[in-house]
1. Could you please give the count of residues in the stretch 166-182 that are part of a helix (DSSP H, G or I) and either touching a Phe, Trp or Tyr at 6+ places or on another chain (Cβ under 6 Å) or open to solvent by 80 Å² or more (accessible area, probe 1.4 Å) (or both)?
2. For residues that are surrounded by fewer than 16 Cβ atoms within 10 Å (Cβ to Cβ) and small (Gly, Ala, Ser), tally how many sit in the stretch 199-224.
3. Suppose we filter the stretch 385-404 for residues that are surrounded by fewer than 22 Cβ atoms within 10 Å (Cβ to Cβ) and aliphatic (A, V, I, L, M); how many remain?
4. Kindly provide the set of residues from the stretch 85-115 that are in contact with a helix residue (DSSP H, G or I) (Cβ under 8 Å, 6 or more places away or on another chain), open to solvent by 10 Å² or more (accessible area, probe 1.4 Å) and aromatic (Phe, Trp, Tyr), ordered by number.
5. Could you tell me whether any residue of the stretch 406-415 is within 21 Å of LEU337 (Cβ to Cβ) and either at pLDDT below 90 or outside any loop (DSSP other than H, G, I, E, B) (or both)?
6. Filtering the stretch 274-296 down to residues that are among the aliphatic types (A, V, I, L, M) and more than 13 Å from VAL351 (Cβ to Cβ), which residue is most open to solvent (accessible area, probe 1.4 Å)?
7. Going through the stretch 212-266 one residue at a time, which ones are of a type outside the set (Asp, Glu), touching a strand residue (DSSP E or B) at 6+ places or on another chain (Cβ under 7 Å) and in a helix (DSSP H, G or I)?
Amino acid sequence: MTAEIRFFWARLNANYWFYPALFSILAALLAFAMVWLDRSGFAEFLNDVNWLVPARPKGAADMLTVMAGSMIGVASTVFSITIAAVAYASGNYGPRLLTNFMEDRGNQLSLATFIGSFVYSLLVLRAVRAEDETPATISDATTTALPGFTPQLSLLVAYVLLGLCVAVLVFFLNHIPSSIRINKVLEGIGSRLLDAIRETYPVEDEFADAREPEGGDPITAWDTGYLQLIDFEDLEKIARECGCTFSLVVRTGDFVHREMELMCIMGCKPEKIEERVRECFTLGATRTPEQDPQFLIDELVEIGLRALSPGINDPFTAITALHWLGAATAEVGRRDLRKDVCGEKAEDCPVIPAPDGFDHYVKRGFGAIRSAVATSPIAAEVMLDTLANAATPLKHEERQASLKAEADKLAEQVKLSLAGPDLERFQQHHSEFNRTFW
């Protein structure tokens, strides 16, 4: 259940309606509270402030009208600019990056601030009564000695919100071009990937590999889609209640369809717990970064592949992607790759996730981008250096050997793509690589 709540909260935040809706509700409550304070006489202290000239009903109505109109206009402009930036980024860097920009707090909160200010000014405007208007109720007539009603405190808060909106607009105009810079995009993906690796594999400086599945009777998928969430806590609870062991065949991010095997059960009959087990798997139309660090690796690879395509030919963007892939590979290489999904020692856990060894991550990152890197002399040499830098902190010979094997495959690929001095320089670099580390 905890995993489902986290997943729901993550999906709730990955859109442009949640924070505007939340700020609109808060703004409405603030407006009602400020008007109530004004009508109850709590704003009388403002009359003693010499530098604060009290507003008259017409001036207050005009100011609130201008504020409401300008805020909804600015909100529309902000939304249009955001959509244009998202379209540009997803078109140039890859459609899978759309989720990253939808989750951008700067865009969400900027839009929410303008919408909330619009709602506030509109509701306070409703409370302003001109001097020639008659009171709407008897209590209204008795609580206002002067003709008309101007909520001075509410108006002062509106001025504060107006100043806040100007500051947010300046922030937004700086944030949008900054957020679509490729180095900033890669930094966001890379930092999130490193955090996901540390969360998935919390034990450092131990080099155990993932547990192997124990087999058993299969449970198959009931629908088609990407596996977006696995609720390991509920799976553990079911397994302990039944005294059985679950060996997962799929991992978060895999695409499944009907009758495709999800997991194997040893120790009890699948028919007894099949419905409960299937409720622990969430399927959807798209992959998400939740529980899926490989999705972030794929994003880095996609950016690198696009940058090295003949139509773009931007090896320096690919080099930055390689640097982040190297950092992630080094982070995986120094960790215990047994997923401790039960919050205790992995050997005692009745739920065995699909095994993800170090070779799996190397192939998913460097292996996927290798053929494109081999066509660029600059990127090929940088990838060789990145593999060396990733191998340096590792204290595990087999994992170092995996990186050496990847470097050798890159050398073989380069022979098919480069020629002349570029090939000779790379081969010399590769020889130095082998002498230094092996």
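1. Residues of the stretch 166-182 part of a helix (DSSP H, G or I): 166-179, 182.
So of that shortlist, the ones also either touching a Phe, Trp or Tyr at 6+ places or on another chain (Cβ under 6 Å) or open to solvent by 80 Å² or more (accessible area, probe 1.4 Å) (or both) come out as 166, 170-171, 173-174.
Total meeting the criteria: 5.
2. 2
3. Total meeting the criteria: 3.
4. Residues satisfying the conditions are TYR93, PHE101.
5. Yes, the stretch 406-415 contains at least one residue that is within 21 Å of LEU337 (Cβ to Cβ) and either at pLDDT below 90 or outside any loop (DSSP other than H, G, I, E, B) (or both).
6. Step by step, filter the stretch 274-296, then rank; the result is ALA285.
7. PHE232, LEU235, ALA239
Let's see how each residue does on (1) touching a Phe, Trp or Tyr at 6+ places or on another chain (Cβ under 7 Å); (2) assigned to a helix (DSSP H, G or I):
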site: ILE303; (1), (2): yes, yes
site: ALA307; (1), (2): no, yes
site: PHE316; (1), (2): no, yes
site: ALA321; (1), (2): no, yes
site: LEU325; (1), (2): yes, yes
site: ASP356; (1), (2): no, no
site: ALA380; (1), (2): yes, yes
site: THR386; (1), (2): no, yes
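The values are calculated or read from the model by the stated rules, or taken from the named source; none is laboratory data. Since the structure is predicted, the reported quantities are computational estimates derived from the model, not experimental observations. Ideal geometry is used to build each Cβ from the backbone, glycine not excepted, and the neighbour counts take in all protein chains shown. Only protein heavy atoms, including side chains, enter the accessible area calculation; ligands, DNA and RNA are left aside. Shrake-Rupley method; radii C 1.70, N 1.55, O 1.52, S 1.80 Å.
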